[in-house]
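Here is the structure we will look at, set down as C-alpha cells.
The values are calculated or read from the model by the stated rules, or taken from the named source; none is laboratory data. Since this is a predicted model, take the numbers as computed values, not measurements. Heads up, the Cβs are rebuilt from the backbone with ideal geometry, glycines too, and the neighbour counts pull from every protein chain shown.
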Amino acid sequence: MDTEERRTASAAPVTFEVAGAFPEPEAAGVQRQLWVDEPAIRPRLPDPVRTAAVRSVLITSLTLIQAMVAYLCTLAGSWLAFPMVLSSVGSTVVATWGVLDVWVTRQVWNQRHGVVSVPSSTARRLRRERRKARRAARRSARTRQREERARQGTGRLSQA
C-alpha cells in the first residue's frame, strides 16, 4: 500500500460490521459512528453539592488510611500507635461532619433553587385534569376519524 493510499484510507470514516446488531442504518446506507453521546440518566449534581461530596470522599479516605496506619503501628508496637489512634478518632469526627455537610448542602440547594414540593392532593388533581384532557383529545380524534370515514363512503366493499 502506497503512502498516498494510506492517507486516503485513514481519512475515510471507520465502519465495522456486527452480525445482526443494527441492520437498519447499514441497510439504509448510513454509516454508524464509533462514538455516540448518550444523555445522562441522572442530571449532574450542582457545584456546591459536588464540591462537598468530593471533600467528604477525600476526608473519609484519609481517615481510613489513618486508621489502618494506627492499627499497623499498634501491631508493630510502635510509639506512634497512641497518637495515631487519637488522631483517627478526631478524623472520624471530621469525616462524619463531611458526610453531613453533603447532606445539608444538598437540602439547602434543593430548597433555594426551585425544587417544588407539591402536596399530593394538588398533584393528584393536576394528574386527573391532564388525564381528562388526554381522554377528551382521544375522543375528538376518534369522532374526526369517524366523520372522515362517513364522508368517504360507507366503508364497505359493496352496497349490496
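Among the criteria (1) over 30 Å from ARG50 (Cα atoms); (2) at pLDDT 95 or above; (3) surrounded by 12 or more Cβ atoms within 10 Å (Cβ to Cβ), the one LEU75 does not fulfil is (3).
Report whether or not ILE59 is exposed (fewer than 14 other Cβ atoms within 10 Å of the Cβ) and among the β-branched types (Val, Ile, Thr). It is false that ILE59 is exposed (fewer than 14 other Cβ atoms within 10 Å of the Cβ) and among the β-branched types (Val, Ile, Thr). Beta carbons closer than 8 Å, at least 6 apart along the sequence or on distinct chains, pair a first residue in the range 115-135 that is over 30 Å from THR105 (Cα atoms) with a second that is at pLDDT below 90 and surrounded by 10 or more Cβ atoms within 10 Å (Cβ to Cβ) for LEU126/VAL118. Close contacts from the range 83-104, counting a first residue that is over 13 Å from THR60 (Cα atoms) and a second that is of a type in the set (A, V, I, L, M, F, W, C) and assigned to a helix (DSSP H, G or I), with Cβ to Cβ under 7 Å and a gap of 6+ residues or different chains, come to MET84/VAL69; MET84/ALA70; MET84/CYS73; VAL85/ALA70.
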